[in-house]
Structures are given as structure tokens and as C-alpha cells.
1. When a/c is below 1.5 the answer is rounded, else prolate if a/b is larger than b/c, else oblate, so apply that to the stretch 257-344 with a ≥ b ≥ c taken from the square roots of the Cα gyration tensor eigenvalues.
2. Taking neighbour Cβ counts within 10 Å as the exposure measure, how do 257, 207, 225 sort from fewest upward?
3. What distance in nm separates the simple spin-label points at residue 15 and residue 216, each placed 7 Å from Cα in the Cβ direction?
4. Once amide H atoms are built 1.01 Å from N in the peptide plane, which residues 5 or more positions from residue 254, or in another chain, come under 5 Å H to H?
5. For a quick check: sort 329, 339 by the number of other beta carbons within 10 angstrom, fewest at the front.
6. Report, by chain and number, residues whose modeled amide H sits under 5 Å from the one on residue 316, excluding near sequence neighbours (fewer than 5 apart, same chain).
7. Go through the stretch 177-182 residue by residue and turn each phi into a ³J(HN,Hα) via Karplus (6.51, -1.76, 1.60, θ = phi - 60°); whole Hz please, and just put x for glycine and proline.
8. Between residue 75 and residue 178, what length in nm is gained on full extension when 0.36 nm per residue of separation is reduced by their alpha carbon distance?
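Derivation of every value follows stated rules applied to the coordinates shown; laboratory data play no part. If you're wondering where the values come from, they're calculated on a predicted model, not measured in any experiment. Heads up, the Cβs are rebuilt from the backbone with ideal geometry, glycines too, and the neighbour counts pull from every protein chain shown.
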Amino acid sequence: ELAQLMGLMPGQQFQLAKVEYIIPEVAMNISLMENTALLSRPELMETRYQKRINQSEVRAALLSMMPNLNFTASANSDDSDYQKYNDYVEMGAQVSYNLMSAFSGPKNRDVAKASVDVAEAQRLAMAMAVVSQVHIANMNFAQARQEYAVAEDYLSVSKRLTKQTRDAQRVAKFGELEVIRQEASLLLAQMRRDIAFAELQNSFGTIYASVGLDILPNNVRDMSINGLSSAISNSLQTWGLKYKSVMAAGNRVRKPISKQNPVLGANGFTFAADTFAVGQPVAYSVGMQNGTRLPDWLSFDPATRKISGRPPKKQMQLSLRAIAQGPEIRATDSFILQIGNSAQNAPKTKKPAPIAKPIAKPAAKPVSAAPKPAATDRQAYRFIQAKALSNRTAARKFADGIIAKTGLPTF
């Protein structure tokens, strides 16, 4: 099907070029797009020409009601000997009037005027349809850009999940079924990104069609690839349209929040103003890494970039994601927010480590004679290792209890 669209011969080999995910952007404002469409759309040109034709028919109908006046003049010469004057001039005038036009003329004039009014109404209706198409194309393009941004974020999250799953599989030594499942999810995320990119390009082409612009000028002499590329680039610059590459945006996260000691204390936590490089003005938002909103006890102030709240009594940590939306681009950064003891508004209490608890042992019994961990204890040890990848604090508490009971080694 692609070969047919490109006009290739059956069986002709071709090589696909590397796709660069470039987000097209329209630098024209909506007012300029409307004016350009009203001047460039061929449908509106046709209605304007039809209006001129109808106005000419009105004048023709008025002239048909006027009487006909004919003037004649001629210079004659004759060499006959029987005429007194051989050279003479003849002039005359003729006036005629069609009596039937007195009855049909007014009706013809009314019909011609009605056709002018109909043509004007058609032109206004066509103009409204064109303007509506421009606005709809603009909204579809904006929605396609948002869907592509969501697909990019989904692909980024899927890549990180796949990496974490592979690391957990190497550490915990569990089967590869979960890894295969996550890799399949990564393929679906890539396909979703590609579909969203195709829809974005399609919506951008719809803007060209709605405005009535042709990216290829009529007076192109050089039909080579370089010549066509140069002509299209000049057209884009003339119309005020531009492309902006995602790859050229550079690193949008200047200072990762994970390196800013993200600890929620009594005064909350505020990340730096120069964390993201997305331009000004910028709108911030913070949520959970899985896409859900923050817990009820935690709040975020976009104006001050401050995360504050009174956590539950139990010390914990949260996996959060910060989003910075600039005028044209957006950046995200994931981090783990540690909950400090000062934020809980409770006195600090230090619990003795389970390892420091004295254990009475017979003097004659060597330390090496400790009982070998059972199969269930080894499963618990693997669970602790897998748990440590996502929540080390909870894993440490769970490990202390296991160590006190079974003598498993620490990690």
C-alpha cells in the first residue's frame, strides 16, 4: 500500500528513512488563519466570481428595457452623368422599442436581483463554513499535540518500568514471564506513540487544507529533491509556519529533584525554580508516578513550588512526578519524597534495633551451629530483596523482623 501511494512499480525495492519525531507548530494566529482562508480558498473565489456574473446580468436586464436607437452615416460617390452631384453624404437615425419588454423587463430585473442576493447568501454561508473548518482544524491540531505528549509520557514510563522489571528479575531471580509481559507492554506503548504522531501530522495537513495554502509554489523550476525542499522551506517562512523539533529541545530537566534532597519536613519541601528549562511562563503540577492525584493529606502550591502536608504517624515515602508546562514544551521529573519525622508533629522515638537485642545462647554451642533457614525463609529473603527495589524503608523493617527470628543475613 505504501508503494502504491508513492507511485512505485510493482516489485520495486525501497528503503524506509529513519523517522524523526518532529512536532509541527503553527506560528499563525487564528485571525491570520481566518483572513488567509477567506482569500485563498477556491470555494470562496468561485462565489465571488458568480456574484460578479449576476451583477452583470442585472445591468443587462435593465438595458434590455431601454428603446433601441440606431444612427447611420455614409459617404457616397457615383460617376453617373445623369446625376447632378456625384459625391454626397447620407445620414440617418432609427428609434425602435420592443413593447413586450415593457411587461417582461421588470420581471427579468427582479430575477437578476434575486440571483445576486442568492449569490451573496451563498458566499456568506460558504465563508462561515470555511471559518468553522479553520477553527475545527486548529482545535484538532491542539488535541493531537496533547495526545502525542501523553503518548510520549506513557512510552517513557513504560521504558522505566521495563528497566526496573529487568533489574528486579536479575536480583530476585524470578521467572521471565513478567519481563516478557512488560516488554510486550513497551511495544504497545511504542505503537501508540507512532499512531499519535501520525494523527498529529494528519491534523497539521488539515490546517493547510482549511487555510487554502499549497506548500509547493506554482513557479518551481528545479524539481529535484533539493529544489523542492528549498521551495517548501521558503513557502513555510513566507506564511509564518514553522517546524520545531523535539530532539532540539535539549535537556529540559536542569536540576533533577532527586538531587535536591527531597525530604518533607515541618516546613514542607520546595524544589528549585530553575529545575526545568521549558520557557516562561511555566505552570507546575505534582502527582503520583502512577498518574493518580496526591493523597488527601498532601498538597502542592504551584506558585511557590512547595509540597506540604501532615503525613500519617508512620514514617513513609512517596513516589511523585513533577510536570512543568511551558509555552510550547513540557518536561517531567520523577522522584521519591522522603517523609521526615519533623513533618509528623510527633515526638521522636528511637526503637532499638532487633539485632542489638541480647539472645541467650549456651556457651558450649558454637555460632556456626545456627539452624539453616527453611524454604519459606528463603522465599521471604527473596521477597525482601524485591521489596527493596521499590521501598527500602519498609523492606528494612520487614528484614529486621526476619533476622530476629531466622538469622537471615542483612543486605
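1. prolate
2. So the ranking, lowest neighbour count to highest, is 225, 207, 257.
3. 2.5
4. It is 276, 277, by chain and number.
5. 329, 339
6. 339
7. Result, rounded to whole Hz: 5, 5, 5, 4, 5, 5.
8. Once the chain is fully extended between residue 75 and residue 178, it gains 26.0 nm.
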